[in-house]
1. Mind checking the dipole of region 42-189: about its Cα centre, +1 per Lys or Arg Cβ, -1 per Asp or Glu Cβ, Debye to the nearest 20?
2. Can you tell me, using C-alpha contacts under 8 Å and at least 6 residues apart, the relative contact order of region 42-189 as a whole percent?
3. Across region 42-189, how many lysine pairs separated by 8 or more positions, or lying on different chains, have Cα atoms within less than 13 Å?
4. What is the ratio of the Cα radius of gyration of region 137-197 to 2.2 N^0.38 Å, with N the residue count, to two decimals?
5. Quick check on region 56-193: take the gyration tensor over C-alpha atoms, sort the square-rooted eigenvalues as a ≥ b ≥ c, and tell me if it's rounded (a/c under 1.5), prolate or oblate.
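Just so it is clear, none of the values below were taken in a lab; they were calculated from the coordinates. Keep in mind the model is a prediction, meaning the values are calculated, not measured. Counting neighbours? That spans all protein chains shown, and the Cβs are built from the backbone with ideal geometry, glycine included.
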Amino acid sequence: MGRSTALGRRAPAAPGRDQDRGRSARGYALIMLMIVVFALTVGVLIALPIWQTQVRRENEQELIFRGKQYVEAVRLYQMKYPGTFPQSFEDLVEEKCIRRLYKDPMTKEGRWNVILQTSQVGETEEGAAPQKVMIVPENVLSAIDLPVILGVVSSSTRKSFRIYNKQTSYDKWLFYYGQDPEKLPQIVVYGQEEKKD
């Protein structure tokens, strides 16, 4: 504030005092801004893992939905053509057994591993060998002569949050026609040698 003169006008204030107040106010504003930015950063760091977990849980639910859509599509194909199985996913779309081809929600590429029936089907009696299936990457399906598609399984090997059919990794969550959730089938992976018991 300036000093009053005889004519009622104020004389200019001392330059140092008003400048100090302006700097002080700007300094407090900068400190407050830094505190707000720090609080927001901490909030984001806390919320990010929670958000990632929620997204992954939703993807797990979507994986189950999409896998069951393929099982239902193979079942419908079986009803239309008893005793035969689709040889490609396009067969399912062409025969209107599935609306569209779904991608694997657990991988960036969205490519499934395909569950095929092997030439030998195990017996289902008590104590007998469970059904035998072959798991093939979707991109090599065309290299197999007359594939018999039963269903799909995720190509992701990550550990899951939830347990599905007593399995804790996505590549063990099998979705195929004729599946017995209580018995895991004997699995042969394409390109690997079969284990002899």
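1. Values: 19 positive and 18 negative charges, 126 e Å.
Dipole of region 42-189, to the nearest 20 debye: 600 debye.
2. Numbers: 230 pairs, mean separation 36.7, N = 148.
Relative contact order comes out at 25 percent.
3. Values: K68/K103; K80/K96; K132/K183; K159/K172; K166/K183; K172/K183.
Final tally of qualifying lysine pairs is 6.
4. On the way: Rg = 12.9 Å, N = 61, 2.2 N^0.38 = 10.5 Å.
So the Cα radius of gyration is 1.23 times the expected 2.2 N^0.38 Å.
5. On the way: a/c = 1.39, a/b = 1.06, b/c = 1.31.
Rounded is the answer for region 56-193, as its axis ratio a/c remains below 1.5.
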